[in-house]
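Working notes, structure below.
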Amino acid sequence: MTRLDGSNHYCRNGIIPAAVNKIPNIITKVEEQKNPMKLVEEEVEACSLTDALFAYLYLTVLFIVGYANDFFRPQAFQESNRVGYHTLYASFESFYTRHVFRRIRDAWNIPICGVPGKYCTIKDRVTHDNGWTFEFTGKKIDCINMGSYNYLGFAENTGPCAEASSMSVRQSGITTASTRAELGNASYIVELDRLVARFVGVDDALTCAMGFATNSLNLPCILDDECLVISDEKNHASIILGLRTSGATIRVFKHNNMRSLEKRLREGVIYGRPKTHAPWQKIFIVVEGVYSMEGTIVRLPEIIDLKRKYKAYLYVDEAHSIGAVGPHGRGVCDYWGVDPRQVDILMGTFTKSFGSAGGYIAGTKDFIGMLRKRSHAQTYGGPMSAPVAEQIMSSMKIIMGESGSGEGVRRIRQLARNSRYFRQKLKQLRFVVYGNDDSPVIPVRVNMISKLTYCVREMRKAGVAVVGVGFPATPILEGKIRFCMSASHTKEMLDHVLHAFAEVGDDILLRVSTNMPSAEEIVYSDVEVHEKIQ
Amino acid sequence: MLNISGDYIYQSIIQAPIYHLLLEGILFMWVIWLLKRKKINPTEEQPLSAKEQQQIIDHFEPKPLIYNGDSRDEGVEGDESSEIDWGTIDGPAGKYIEIDGTKYLNLATHNYLGFVEEPSILDETERCIRQYGVGSCGPRGFYGTVDVHLELEEAIAKFLNLEETALYAYSFAAISSAIPSYAKRGDVIFADEHVNFAIQRGLIASRSEIRYFKHNDVEDLTRLLNLQRKADLQNPVKAKAIRRFCVVEGIYSKTGLICPLKEISELCLEFKVRLFVDESISFGAIGQTGRGITEYLNVPRENIDFISGSLEQGLGAFGGFIVGSSYVVDHQRISGLGYCFSASLPPMLAGAGIQALKLIESNPQLIQELQNNCEYMDRKLRSLSVFTISGHPLSPVKHMSLKKSFGSRKTDKLLLKEIAFHVRENAKIAVVMPAYLEKEEKTLLPPSIRIAVNRLLKDNEMDDVVTALKEAANVVLSKPDLPDYDEPKSQN
């Protein structure tokens, strides 16, 4: 075992530190002392040269066709009554939308009708003008839902949660029509705040009606221009917006790379502010728990050590991890066996695991007290709607085991088993899979957007709803098909998806992984999850 | 050749005078010294040794996470009015509101049309829970688009006779995401100085250059536009790259006044400035049929680039929206951050929005009732001698501030708070003071009590409200320990 200088993570395969930086696509395998069972294998193979070449070629052709189109038909996309105005959009942005995104638009914004549960019903639509407009055919397609964030399967229209939620509509109405700082501090919100604090395992919590706004409206109240923020490069747009509008100085470190993080921290502490070199008043590390586009899990114990070493504050966005990872569903702290009080600020959303909407920020009593007074969302935004809050409370109590049934634990284990099984199977089928073995988000590399679109279309034909993410949301070579696991999926459903995906993968040469997984049959019931849980 | 030149050099050295050689030798040494010497540049960084680095790290002491003072506190008057604890409410905040166990007549929340307790809206919500569940479990791009979203978007667009709507999950996020999706660094935005906080956040996020004009002052806006035109003429190359926007509100939440939209929209057409109107309050509250400020002032809607609105207040549902031409609004679906990267509005709340819109469309007399109440209340409030009333007669939001300040902003605030609580305790009527983050607001208005009028109020109830306010003001303001009226006013 080689100890890397400065930080306390260990190289298992003996790659020397200098080499780590030179090989961007390989992240060192890490072993955590406290959790010897958790190997973080987040290795991604490099894209082959042929694939890269075709991906660029494809875009080039589309661009040439697009420019030719614009040259011969310059009036095709103009406003009617805004002659002489400055163009509203940056030219590239508009060009990309019209000539690239328009052609593949049918793979996004797919409307559904009904519950986004284990199955979803897609409203079929066709386009007669190459993607400018869509028409509904009136047909409805039932699909296995691998696209919605429904980790614990609480997106249901029957059962105790829907019942409780429906009850609350009459009890409390659906809007207070007031901000919380005025007369909108409803008793159900106060109750929710307390329950969330208890669930997360800290003193106090503050909830907000929109998950995105929890980040974008609260970060500016926590940070000011005297702060340095060290932010993961793959952080969510809401975090980036919050950081930008806060006035703080932002430095970015490589995704989940502890060496890069430490380097940034060291620079921040030693050199202080640019020009004056006065020390920063506060340094924040901002990371996510599970990264929704990468499928990686944050290396929390190492970050906590670094945070202590450099006296920084830690902000963890658990949007995708709360409820979804950890033997008790309490997020990344639970997953790594870390006391949540060691993280200064815990943020999360209720959209994903709880089948509801909104978000929270949790921390010490004093910190949340300060935020209550200063938060933009508290002062200017309405509180969460009552049925939304009720859904969160009832599902949270089930996860905590307070409903008296073992349903919570069952769902957590089912999700963990599904994730591991599906991942192992995909690897065996030689797809290039991103992320951590325990993460419920499973991205598979597809490279270019035409393949991506083909995947989404073909999978839909096979009765599976999947999500594709491509350029410009990702780098050109990192288009991904993303599977979101749910506790409501059964083994049969997963097998159907795997079968369909293997066929699509054969069509467009996706099964190109050079890693040799064992040929041993993976037996669903043998997949080990959460060894410690009783 | 070499020999000759070697010979030549040799000859010249031999023949040269000795002082010449000496001088050249010294010059040569000097050049070497200049090149070799260690440069000492006081402005340049010295690399830190490992030990020194460790020392700095050891000595680094960050400020505590919870601060009692930061850069924002300096030189700003005022404190946080959100510190006032107005109490916890139970049950729906309809015509009456239950605060900490007692029922009060509600003039505090924005329930203009009385839709908070409207049974048909609540029924529709419950029905949608049975059909769609609660959450939408994804952003609009990834299977978070449910048919009710599309239906509501279409209904809003049809209601306003515009092409397209983008639905947001939270009304604060609508306008604050929409502005930065169009306006970027280097662009110019003209905005009214009293725009609400959501717009202010949008302006900050856009990183454009912001020019504030005086509240509802068309002349001031003209002056700013002319200044911009002058600058454009001087630098036509730069002018081509700058986009211009103007942001106003239909009814200003901070003052209750109506924006002179007709004049502003004509100016915008003349100067080729794109116009955004936030109708968070005015949508569903003003105009013959509730179609907002454009209907009330008879401004063609195609002159406005987009209208944003809230479903949380007058409509008694949830969420916000941006509505306008397809060319403008479609762009939201790709670059509105709060639209793309947020989970969509829970379907049941979209269902509630559809129902609310149906109600307004089929019962235009609801709007008439609201406007009658607003007008009646306005007349009554203006009879109070101690208060200055800010707000258009037809605006459901009315601000009452003290006619004469009692010394400082703080004292005024305390007095108004006392009046509000006096009204609450003695007349069982709930009123509040609007909450502002005073350190972050662009402009501070004199502290006020805000009256939110709703359709359900009867004339005698409004009379009671005014009487109660009058009584409370008499009691609170006649206390012997108050400073005199004539004391010098604060900076406000």
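Expressed as an acute angle from 0 to 90° and rounded to the nearest 10, what is the orientation of the C-alpha long axis of helix B:261-271 relative to the principal long axis of chain B? Helix B:261-271 sits roughly 30 degrees off the main axis of chain B. Computed over segment B:212-300, the percent of Cα pairs more than 23 Å apart is 29.
The A:Ser405 and A:Val190 beta-carbon pair, evaluated with R₀ = 35 Å, returns a calculated FRET efficiency of approximately 0.85.
A simple spin-label model places the labels of B:Tyr10 and B:Glu151 11.0 nm from each other, with each point 7 Å out along Cα-to-Cβ. Note on B:Asn460/B:Leu414: beta-carbon distance plugged into 1/(1 + (r/R0)^6) with R0 of 51 Å gives a FRET efficiency of 0.95. Each part gets one Cα centre, and for segment A:182-258 versus segment B:281-345 those centres are 27 Å apart. For segment A:205-215, 3J(HN,Hα) computed residue by residue from phi via the Karplus equation (6.51, -1.76, 1.60; θ = phi - 60°) reads 8, 9, 10, 9, 6, 9, x, 4, 5, 4, 6 Hz, glycine and proline entered as x. All Cα-Cα distances of segment A:361-493, cut into 5 Å bins from zero to the largest, leave 2, 9, 12, 14, 13, 12, 13, 14, 8, 4, 1 percent in each bin in turn. Entry note: segment B:119-362 has Rg to Rh equal to 0.99, where both radii use alpha-carbon atoms and Rh is the Kirkwood radius. Cβ-to-Cβ counts within 10 Å put B:Cys137, A:Cys221, A:Cys208 in ascending order as A:Cys221, A:Cys208, B:Cys137, the fewest first. With the gyration tensor restricted to C-alpha atoms of chain A, the semi-axes of the equivalent ellipsoid amount to 34, 30, 29 Å, longest first.
Shielding of peptide A:417-430 by partners, expressed as the average count of other chain Cβ atoms within 10 Å per residue Cβ, is 0.
What the Kirkwood sum gives for the protein assembly as shown is a hydrodynamic radius of 30.9 Å, with every pair of different alpha carbons counted. Which of A:Lys234/B:Lys238; A:Lys397/B:Lys458; A:Lys140/B:Lys358; A:Lys365/B:Lys403; B:Lys214/B:Lys358 have a Cα-Cα distance over 32 Å? With Cα atoms farther than 32 Å apart: A:Lys234/B:Lys238; A:Lys397/B:Lys458; A:Lys365/B:Lys403; B:Lys214/B:Lys358.
Label 7 Å along Cα→Cβ of A:Ala52; segment A:426-449 residues with amide nitrogen under 15 Å? Flagged as within label range: A:447-448. The Cα trace of chain B gives Rg and Dmax of 32.7, 123 Å, the first to one decimal, the second as a whole number.
Spacing of the modelled spin labels on B:Phe421 and A:Tyr271, each 7 Å from Cα toward Cβ, amounts to 5.4 nm. Karplus-derived 3J(HN,Hα) values for segment B:135-146, using 6.51 cos²θ - 1.76 cosθ + 1.60 with θ = phi - 60°, are x, 9, 6, x, x, 4, x, 10, 6, x, 8, 9 Hz; glycine and proline are entered as x. Full extension of the segment from A:Arg251 to A:Ile522, taken as 0.36 nm per residue of separation minus the current Cα-Cα distance, would add 93.3 nm.
Close amide H contacts of B:Ala108 (hydrogens built in the peptide plane, cut-off under 5 Å, sequence separation of 5 or more or a different chain): B:Ala452. Ranking of A:His128, A:His496 by neighbouring Cβ atoms within 10 Å, starting from the fewest: A:His128, A:His496. Each Lys and Arg contributes +1 and each Asp and Glu -1, all at the Cβ; summed about the Cα centre of chain A, the dipole is approximately 660 debye.
Against the main long axis of the alpha-carbon atoms of chain B, helix B:171-182 sits at an angle near 40°. Amide hydrogen proximity for B:Arg274: with H placed 1.01 Å from N in the peptide plane, the residues at 5 or more positions away or on another chain lying under 5 Å are B:Arg244, B:Phe245, B:Cys246. In a simple Cβ point-charge model (Lys, Arg +1; Asp, Glu -1; nothing else charged), segment A:345-399 has a dipole of about 140 debye relative to its Cα centre. With neighbours defined as other Cβ atoms within 10 Å of a residue's Cβ, the residues B:Ser395, B:Ser136 order from fewest to most as B:Ser395, B:Ser136. Whole-Hz Karplus values for segment A:372-384 come out as 4, 6, 9, 4, 5, 5, 6, 7, 10, x, x, x, 4 Hz, taken residue by residue from phi with 6.51 cos²θ - 1.76 cosθ + 1.60 and θ = phi - 60°; glycine and proline positions read x. Segment B:160-184 and segment B:360-417 have Cα centres separated by 29 Å.
Around the amide H of A:Gly173, modelled in the peptide plane, lies no amide H under 5 Å away from a residue 5 or more places distant or on another chain. In a reduced charge model with +1 at each Lys and Arg Cβ and -1 at each Asp and Glu Cβ, segment B:119-362 shows a dipole moment near 940 debye about its Cα centre. Note on segment B:225-254 and segment B:190-210: Cα centroid distance 13 Å, given to the nearest whole angstrom. Between B:Asp217 and B:Leu269, the modelled labels are 2.6 nm apart [label points 7 Å from Cα along Cα→Cβ]. Per-residue shielding of B:141-153, expressed as the average number of other chain Cβ atoms within 10 Å of the residue Cβ, stands at 6. Quick one: in segment B:371-445, what % of C-alpha pairs are over 21 Å apart? In whole percent, the share of Cα-Cα pairs in segment B:371-445 beyond 21 Å is 33.
The numbers here are math on the coordinates, done by the rules we state, and not lab data. Bear in mind the structure is a predicted one, so any value in this text is a computation, not a measurement. As a convention, Cβ positions derive from the backbone with ideal geometry for all residues, glycine included, and neighbour counts pool all protein chains shown.
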